[in-house]
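See structure below.
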Amino acid sequence: MKKRIIALIDFSLYSENLIKLAESLSNAMKAEIILIHQVKVIVPALADGKSRRELIEFEKSEALRNLKQVSGKVIPSEKKINYLATERPLSAVLPEMGSRDSDDLILVGLKGTGILKKIFIGSTTLEIIDNLNITTIAVPVKTDNLQLERLVIATNYRFPLNKTGLDNLLRNFSEQIKEISFFSIITPDDDDIEALKYLIELNEYYQDRITSGFKMYEGKNAFEKIKSFMKGDNRSFLVVQKGSRAINDQVFRKFLINDLVYHGSIPLVILP
């Protein structure tokens, strides 16, 4: 099965950081790299079909040139990179690229609080997460020198963990990931005993394969405790699952996106 790292590049000042991470993950996963840019073409309202097509093709050609230029700054020239510039929505292009014989990982950069607020509210990234069963890593753009060594995994007994997705992640990065830690945030509506039982079950399932542990947070200071637990740690990636409470609930979403991911500079892994 072929393996691919698909990085979405927007030519911001932080694109090099994302490409560096793409190369690092590619080396670890032994995967090819595909760099994609969606061009935003403004076509005059009175332009005919031929002029419109020529303008789009010119913008795509420029985007390809820029992709090669920025990647050449951070990736050795002997490494093969695939490039794609498209005017079509990425949420439409990416599903067409997938195949049954590919094991893909999508990388997307996050620029700031404004964009982060949109990531789960009608954005391209949300469409990608919703429409594709592909693990996606959202990386705060100010984050650099990341080391994928530890996964901190948000869980809840009401939303069973996608063990297949997590197992695949651990298998692809078996030499890099040294530790995993499960955690649950308990609200007054949760059953403490059931939450603890589920954390113990997950820990026992993985502890023979990798160093693992778990924590349960409750009370008014639960979020602050998690922030302190992960603060300033460039080797940890936060893991959540599509459809989980951490993604769907507004309070959890705000905490994860604003406090942990953006302000805490913690990369966010979204399992399918």
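The values are calculated or read from the model by the stated rules, or taken from the named source; none is laboratory data. Not measured: the values here are computed from a predicted model. Because the Cβ atoms are built from the backbone with ideal geometry, glycine has one as well, and the counts that use them run over all protein chains shown. Protein only, heavy atoms only, side chains kept; ligands, DNA and RNA dropped before computing areas. Shrake-Rupley method; radii C 1.70, N 1.55, O 1.52, S 1.80 Å.
A few points about this structure:
- The one condition from (1) at pLDDT 75 or above; (2) open to solvent by less than 40 Å² (accessible area, probe 1.4 Å) that L116 does not meet is (1).
- Residue, modelled with the highest pLDDT, within region 220-232, restricted to residues that are part of a loop (DSSP other than H, G, I, E, B) and either closer than 15 Å to L196 by Cα or among the charged types (D, E, K, R) (or both): K220
- Members of region 159-179 that are small (G, A, S) and crowded, with 18+ Cβ neighbours inside 10 Å: G165
- Every residue from region 193-225 that is open to solvent by 50 Å² or more (accessible area, probe 1.4 Å), within 12 Å of T155 (Cβ to Cβ), touching a helix residue (DSSP H, G or I) at 6+ places or on another chain (Cβ under 9 Å) and not charged (D, E, K, R): Y205, F214, M216
- Condition met for K68 (within 19 Å of L94 (Cβ to Cβ) and either modelled with pLDDT of 90 or more or exposed (fewer than 13 other Cβ atoms within 10 Å of the Cβ) (or both)): no
- Scanning region 146-161 for residues that are more than 16 Å from the chain's Cα centre (by Cα) and not charged (D, E, K, R) gives T155, N156, Y157, F159, P160, L161.
- For the residues S71, S61, the requirement of being part of a helix (DSSP H, G or I), among the polar types (S, T, N, Q) and over 16 Å from K40 (Cβ atoms) singles out S71.
- So I193, is it of a type in the set (V, I, T) and modelled with pLDDT of 80 or more: yes
- Any hit, region 262-269, residues being buried (at least 20 other Cβ atoms within 10 Å of the Cβ), touching a Phe, Trp or Tyr at 6+ places or on another chain (Cβ under 6 Å), modelled with pLDDT of 65 or more and not in a helix (DSSP H, G or I): yes
- Test result for L13, open to solvent by 70 Å² or more (accessible area, probe 1.4 Å) and on the phi < 0 side of the Ramachandran plot: yes
- Test result for S51, hydroxyl-bearing (S, T, Y), at pLDDT 90 or above, more than 20 Å from T136 (Cβ to Cβ) and not in a loop (DSSP other than H, G, I, E, B): no
- Condition check for K40: among the charged types (D, E, K, R), over 18 Å from V139 (Cα atoms), open to solvent by 50 Å² or more (accessible area, probe 1.4 Å) and free of Cβ contacts under 8 Å to residues at least 60 places away in the same chain: yes
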